[in-house]
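The values are calculated or read from the model by the stated rules, or taken from the named source; none is laboratory data. Predicted model, so just to flag it, every value in this text is computed and none were measured. Cβ placement follows ideal geometry from the backbone for every residue including glycine, while neighbour counts extend to all protein chains displayed. These area figures cover heavy atoms from the full protein model, side chains too; ligands, DNA and RNA do not enter into them. Shrake-Rupley method; radii C 1.70, N 1.55, O 1.52, S 1.80 Å.
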Amino acid sequence: MADDPDGGAGLCSLARRQRELASLYETAKSLTALGGLDDVLQSIVHHAHDLIRTDFTYLSLTGTDGRLSVRASEGTVSAAFLAACIPADVGLGGKVLASRSAHWVRRYADSTLIDHDPDFDRLVTTEGLVALLGVPLVVRGRAVGALFAADRSERAFQADEIALLRAFADHAAVALDNARLYEASRTALRELQIAYGRIEEHMAVVERAQAIHEALTGVVLRGGAPGDVIQLLADQLGGSVTLLDRAGEALVHRESASGPCRTPSETGLADAVEDAHRSGRCTTSADAVGVVRSVASIQAGDSRLGALVWNREAVAGRNTPDDTDLRTLERATHILGLLILKERAVAEAGERLSGELLTELMVGSPGISPAQRARTRARNIDAERLDLVLVADSPTMSPTDLSRRLHDIVRDFRGLAGEHLGRATMILPSADDDHTVEEVHRRLRRALGGPVAVVGERVVHHDWARAFSLAGRCGAVMRAIGHTDLGATTGRYALYAMIFDTERVGELDRFLSDSIGPLLEYDRRRGTELVDTLSAYYLHRANVAATARALYVHVNTLLKRLDRADSVLGLDWRRENDLELQLGLRLHRLRAIANA
């Protein structure tokens, strides 16, 4: 089979996303070092310029005088442009700052949607600026500047370019916030050094805080995970430290090596987290059992990533912790924010790649191209062994959200997951199809906490598309007959799947006509219910009394209907052709349910 013609484009797209992720990660690493603010901002602008590929990129901040000035740039040619200070309420920058959202213009000089500043318009002409995109730098809810990407020719900016520039702007916002906190810590350190001769105890606190900070930075540089940071904080600060997600659920909990403190009350925790998010600083309180709790928000720009909770025993009635410990907790939230963003970016990239590979195999099947084989091998997946297709459906969750749940499961099976043609789908290697489908259903149901249906079909000769089609149709049968919470292979439903196969509608029509056509025609002309009567008769195993009760008719009425069926069918249907008639009635009922 020839190579997939879309493989090259997919590789280029993947390479571009990997390059974007690498640049964002390199920018994040520069923030953890807490270096000079100007160097960090210049690095952000450099990476943004390199990825957005506009003619020039620059970052401006609002000064105390209320004017915007350039702090970092890449690709500009005019010295006057870099030295300019313009009012923060005019131009595209003013629009971005006022709305705290991204804006762009195709031709700056001709735009009537912005308030023009004559001085800046002259600089626009000198620099040759035509198209301009601006995104805000938001620090703790306040727009303090903007990041711009500009071209010297007319153009439109795409959604992915805006999202990418916004990501760099969020990094710049974190850098500004880090610089503020770092400067505050340095000021505190200088004050403690001056008081060293009088308060030796405070010096020990500072040295400890510095050691913690260096250790935290080391964790990040060594590629540590959030759990490593939490354990380090618990060991250094004492008590227990808990990392909460955005919903307030505990992700990681660690106790200090010296032993846990008493279990704190959960009362007021949600309010403390909200106060920390709103203020941007640590909040501290003590409960009735003598446990002191400090909460710090984990944020990136306007995005809430979670919170950090530190619990410890009150010492000699003192409920207020050292400021240095609180600053350490706040600095740790920035490091955790970067780690969470990194893990999220890596996970999202992995999910996108897995979904793309799944779609490529589906669309290109049957067969595997060399490019597909190489790409799956790079993810430690053997494409030759991907011999089971599963389709999942939940009445309470969209296919997109359900696909994200499948990604969490598929790693253990060394397979692929994603959304294909509007269905949450997996391709797995499997030695026992029934066991694998049941295991996926069990794990998926536990993750959802509600009903979910999973149907699997064996792949033959790498024809994943055929297996997906049959699994999808069998899933429709499962829904139609009310089987919404189980895991099964298609063998249980394949016979009835032809109802949903558009290519076999003619076959189904012919079979129904041959088996129950006379009954259908008689009911249509006479307004009778012979089809429903015989369906109920077979459903109740030919028990006349039970069938009559189910139909709410007298036994004599039922017997007359059965005799009428004898005359309509023209044969002894209770002994001859019984199986074909039962199958026709069942398929007719399923079709009616499916079309309801």
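A few notes on this one:
- Among the residues of this structure, residue 333 does not count as one that is more than 30 Å from residue 415 (Cβ to Cβ), touching a Pro at 6+ places or on another chain (Cβ under 7 Å) and modelled with pLDDT of 80 or more.
- Residue that is nearest to residue 435 (Cα to Cα), among those in region 367-413 that are outside any helix (DSSP H, G or I), at pLDDT 85 or above and of a type in the set (D, E, K, R): 387
- Flag set for residue 97, criterion: farther than 20 Å from residue 156 by Cα, within 32 Å of the chain's Cα centre (by Cα) and open to solvent by 20 Å² or more (accessible area, probe 1.4 Å).
- Residue 419 being at pLDDT 90 or above and either open to solvent by 50 Å² or more (accessible area, probe 1.4 Å) or within 26 Å of residue 585 (Cβ to Cβ) (or both): no
- Contacts under 6 angstrom Cβ, first residue in region 295-310 being on the phi > 0 side of the Ramachandran plot, partner crowded, with 20+ Cβ neighbours inside 10 Å, 6 or more apart: 301/138; 301/170; 301/173; 306/244; 306/298
- Boolean, residue 356 is over 18 Å from residue 423 (Cα atoms) and of a type in the set (Asp, Glu): no
- Restricting attention to region 128-159, the residues being among the small types (Gly, Ala, Ser) and open to solvent by less than 10 Å² (accessible area, probe 1.4 Å) number 6.
- Any hit, region 88-102, residues being at pLDDT below 75 and either acidic (Asp, Glu) or touching an Asp or Glu at 6+ places or on another chain (Cβ under 8 Å) (or both): no
- Residue satisfying condition, being of a type in the set (Lys, Arg), at pLDDT below 85, open to solvent by 50 Å² or more (accessible area, probe 1.4 Å) and out of contact with any helix residue (DSSP H, G or I) (no Cβ under 8 Å at 6 or more places or on another chain), within set 466, 510, 504: 510
- Here residue 425 fits the description: of a type in the set (S, T, N, Q), closer than 21 Å to residue 485 by Cα and open to solvent by less than 40 Å² (accessible area, probe 1.4 Å).
- Residues of region 53-72 satisfying the condition of being surrounded by 22 or more Cβ atoms within 10 Å (Cβ to Cβ) and touching a helix residue (DSSP H, G or I) at 6+ places or on another chain (Cβ under 6 Å): 57, 59, 68, 72
Matching residues to (1) at pLDDT 80 or above; (2) surrounded by fewer than 22 Cβ atoms within 10 Å (Cβ to Cβ); (3) touching a helix residue (DSSP H, G or I) at 6+ places or on another chain (Cβ under 7 Å):
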| site | (1), (2), (3) |
| --- | --- |
| 316 | no, yes, no |
| 322 | no, yes, yes |
| 342 | no, yes, yes |
| 346 | no, yes, no |
| 354 | no, no, yes |
| 363 | yes, yes, no |
